[in-house]
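Laboratory data are not the source of any read-out in this text; all were calculated from the coordinates shown. Since this is a predicted model, take the numbers as computed values, not measurements. Quick reminder, even Gly has a Cβ in these numbers, built from the backbone with ideal geometry, and neighbours come from all protein chains shown.
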């Protein structure tokens, strides 16, 4: 069985395959790792995306696809139709799925932020950063490790902060709801947040960010950018696959184009949007008042 699975993976260049002649005219297939497959090895703690893959194979998420047809015909969100609540409410009531989710976000964050911090200089000279929806705090931990002069505040829902407070001692934790208010700071970070939500939800989040920033502050957004028109590339395939996952699972979630981000930002009062740097398909955007 494993051989047949590996053969499929070889057709997608996830593993290599070498065919050798065996005894009595038999054939042996020898499989090896590739740069791609190394991202899915469990013993590669610093770069492994295995937990991210594990998340999307959870039954609760897989079952949501069965609601896609009805959602297309009748409207609504597939996950909500199947489970009777939105994905974030479900996570709060399912400790096992919640744990899988946070492990997945940790693995993805490690890969993306390693790429971002390698060349993006936008955190230099900052004294304080609030990470909105920062989970257990790994993003701020990585930022502070490179820029120890930054005071990092991890802002998330109470049940998430309760789990996070033993994770990263250098990170300060603040409980709250981003749809109500956001702590004031010279810089606010939204990494992988806006793509979870509809335009209406995003406008509420951005409005609270705008209110929490000083006139010379900036909002840093890290998210995927949807191409303006369909492209045939590995990056475009990944982005559109995540876009469909957001559509199926989250409350109005979707990936957006540059123009759509500029429109959202302008609707709230941000006068300048700068697309600063791209790493691992993710773009770092800066919004200014």
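Would you mind ranking 103, 271 so that the residue whose beta carbon has the fewest other beta carbons within 10 Å leads the list?
Ascending number of Cβ neighbours within 10 Å: 271, 103.
For the chain, what proportion of DSSP beta bridges, expressed in % and rounded to the nearest 5, is antiparallel? Show your work: numbers first, answer last.
On the way: 22 of 40 bridges.
Antiparallel: roughly 55 percent of the beta bridges in the chain.
What's the exposure ranking of 278, 26, going from fewest to most Cβ atoms within 10 Å?
26, 278
So how long is each side of the stretch 123-239 along the principal axes, counting just the alpha-carbon atoms, biggest first, in Å?
44, 32, 29
Just the Cα atoms of the chain, one point each, no solvent: what log10 I(q)/I(0) does Debye give at q = 0.07, 0.09 Å⁻¹?
Those come out to -0.30, -0.48, one per q.
Convex hull over the Cα atoms of the stretch 78-151, averaged projected area in nm²?
For the Cα atoms of the stretch 78-151, the hull's average projected area reads 6.0 nm².
Using only the Cα atoms, work out Rg/Rh for the stretch 207-289, with Rh taken as the Kirkwood radius, to two decimals.
Numbers: Rg = 13.8 Å, Rh = 13.7 Å.
Rounded to two decimals, Rg/Rh equals 1.00.
How high is the relative contact order of the chain, given as a whole-number percent (alpha carbon pairs under 8 Å, six or more residues apart)?
Relative contact order here is 14 percent.
Once fully extended, how much extra length lies between residue 74 and residue 147, figured as 0.36 nm per residue of separation less the alpha-carbon to alpha-carbon distance?
21.3 nm
Write down Rg/Rh for the stretch 1-137, rounded to two decimals, with Rg from the C-alpha atoms and Rh from the Kirkwood relation over Cα pairs.
1.11
If R₀ is 51 angstrom, what is the calculated FRET efficiency for the pair residue 30 and residue 228, using the beta carbon separation as r and rounding to 0.05?
0.70
Which angle between 0 and 90 degrees, to the nearest 10, do you get for helix 234-249 versus the longest principal axis of the chain when only C-alpha atoms count?
70 degrees
Rank these for me by crowding, 199, 131, going from fewest to most other beta carbons within 10 Å.
On the way: 199 14, 131 27.
Sorted ascending by nearby Cβ count, the order is 199, 131.
Grab the beta carbon distance between residue 17 and residue 38, set R0 = 22 Å, and tell me the FRET efficiency rounded to 0.05.
0.85
Report P(r) for the stretch 35-81: all Cα-Cα distances, bin width 5 Å, range 0 to the bin holding the largest distance, values in whole percent.
Result returned by the calculation: 5, 21, 18, 12, 11, 11, 12, 8, 2.
Relative to the longest principal axis of the chain, what angle (0 to 90°, nearest 10) does the C-alpha long axis of helix 2-11 take?
Between helix and principal axis, roughly 70 degrees.
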